Structures are given as C-alpha cells and as structure tokens.
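Notes to accompany the following structure.
The values are calculated or read from the model by the stated rules, or taken from the named source; none is laboratory data. Note that the structure is a prediction, hence the values are computed from the model and not measured. Positions of Cβ are generated from backbone atoms using ideal geometry, with glycine treated the same way; all protein chains shown enter the neighbour counts.
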Amino acid sequence: MKANVKKMVYAALFAALTCAATFAIKIPTPGTGGYVHPGDAIVILSGVMVGPVYGALAAGIGSAMADMLGGYFLYAPVTFLIKGIAAVLCGVVYQRIGRIERLRSIAVGIGGVIDMLVVAGGYYSYEVFFYGAAGALASVPANLIQGASGLILALVLYPILHAIPSFKELKA
C-alpha cells in the first residue's frame, strides 16, 4: 500500500513536470502552428521512473494539461492517448531490458526512439483527418526533432534521477 501511495505522488510530480516542460519552453515550428518542447523527455522518464501504468497517467495528464493551458483544446484528448502510450512502451522496455544494470541507459534510449515514432505517427494519424495527408506530413519533421531532443534530454537526466534513493525504492 505504501508503495502505491509513493507511486501516485511521483506520478503527480511527473504530470506537473511534464506540463511545465511542455508549456513553459516552446520553440515554434514554422508552418505547423505547433512547437517543439522538452516535455517528451519527461514523458520518457515517466514510464521509466514510475512504471508503465503510473507513467502513462503522468505523461498523458501532464501533456494534455499543457495543451489545454496553451489553447490546443482539439489536441488534448489525443495528446493524452499518444503520450500515455509512449510512456507505457518506455516503461515496458525499461522493465524488460533495464533489469541488467549496464543496459539501463540503453533501455532509456530505446524508449526514446519508441517515443519519437509513437508521437510522430500518432499525431500524423490524427492530423490526416483535419489537414489531409500532405498537411499532416508537414508536422512529422517537427515531431521527430522534438522526440530527438526529448531522447537526448532523457538520457542526460536519467542518471541523475536514477541516483535518487527514493526512485530505487519504487522499482524494488
């Protein structure tokens, strides 16, 4: 029971961090009306640090909150789904590959690549209905750049977070 409360608290923390990282630092992408942000790093780390289920909730809620705060209401439901799925997959990969200590950073990296593909593919699939295939394709490069920056940032932040004793307790 105590572990579940800790996971819920950390999931809430990661939801807030995801929202802040997504909403506070925005680099506009020309021609798409969107922006690149470091929030995907926290999406990846949500799945890795608090596990697939709590990580999915944290990533989905935090990312959708950022969309709503930023006026992207049309995207909030699909963002919840896409970022949640990305965090689930990152968490599952980490649980499987990260069992071996020397492969943990590699597991985070693989999760980051999965995040890139899920986010770019998910938004493309959603935007096809609104903008057509060509219009939806215009956002793919920006989503891949965002994912790559999230991957790099997650790889930088992971060893710092992993060294915190309370995160090790969550995984025990």
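The table for this structure:
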{"item": "Residue pairs meeting the criteria (Cβ under 6 Å; at least 6 apart or on separate chains; first closer than 25 Å to I97 by Cβ, in the stretch 51-71; second among the basic types (K, R) and part of a helix (DSSP H, G or I))", "result": "Y54/K7; A59/K83; G60/K83; S63/K83"}
{"item": "Hits in the stretch 76-96 - residues which are of a type outside the set (G, A, S) and out of contact with any Gly (no Cβ under 9 Å at 6 or more places or on another chain)", "result": "P77, R96"}
{"item": "Cβ-Cβ under 7 Å pairs, at least 6 apart or on other chains, the stretch 126-137 side without any contact (Cβ under 8 Å) to a residue 40 or more places away in the chain, far side surrounded by 13 or more Cβ atoms within 10 Å (Cβ to Cβ) and of a type in the set (V, I, T)", "result": "A136/V128"}
{"item": "Count - residues of the stretch 58-82 that are closer than 17 Å to G122 by Cβ and either outside any loop (DSSP other than H, G, I, E, B) or of a type in the set (F, W, Y) (or both)", "result": "17"}
{"item": "Identity of the residue in the stretch 31-62, β-branched (V, I, T), out of contact with any Leu (no Cβ under 9 Å at 6 or more places or on another chain) and within 25 Å of I164 (Cα to Cα), that ends up surrounded by the fewest Cβ atoms within 10 Å (Cβ to Cβ)", "result": "V53"}
{"item": "Any hit, the stretch 125-141, residues being part of a helix (DSSP H, G or I), within 25 Å of K6 (Cβ to Cβ) and out of contact with any Pro (no Cβ under 9 Å at 6 or more places or on another chain)", "result": "no"}
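So that you can scan it fast, the table gives a plain yes or no per residue for (1) among the polar types (S, T, N, Q); (2) modelled with pLDDT under 95; (3) touching a strand residue (DSSP E or B) at 6+ places or on another chain (Cβ under 6 Å); (4) surrounded by fewer than 18 Cβ atoms within 10 Å (Cβ to Cβ):
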{"site": "A64", "(1), (2), (3), (4)": "no, no, no, no"}
{"site": "L81", "(1), (2), (3), (4)": "no, no, no, yes"}
{"site": "C90", "(1), (2), (3), (4)": "no, no, no, no"}
{"site": "R96", "(1), (2), (3), (4)": "no, no, no, yes"}
{"site": "G109", "(1), (2), (3), (4)": "no, no, no, no"}
{"site": "V118", "(1), (2), (3), (4)": "no, no, no, no"}
{"site": "S139", "(1), (2), (3), (4)": "yes, yes, no, no"}
{"site": "G147", "(1), (2), (3), (4)": "no, yes, no, no"}
{"site": "V156", "(1), (2), (3), (4)": "no, no, no, yes"}
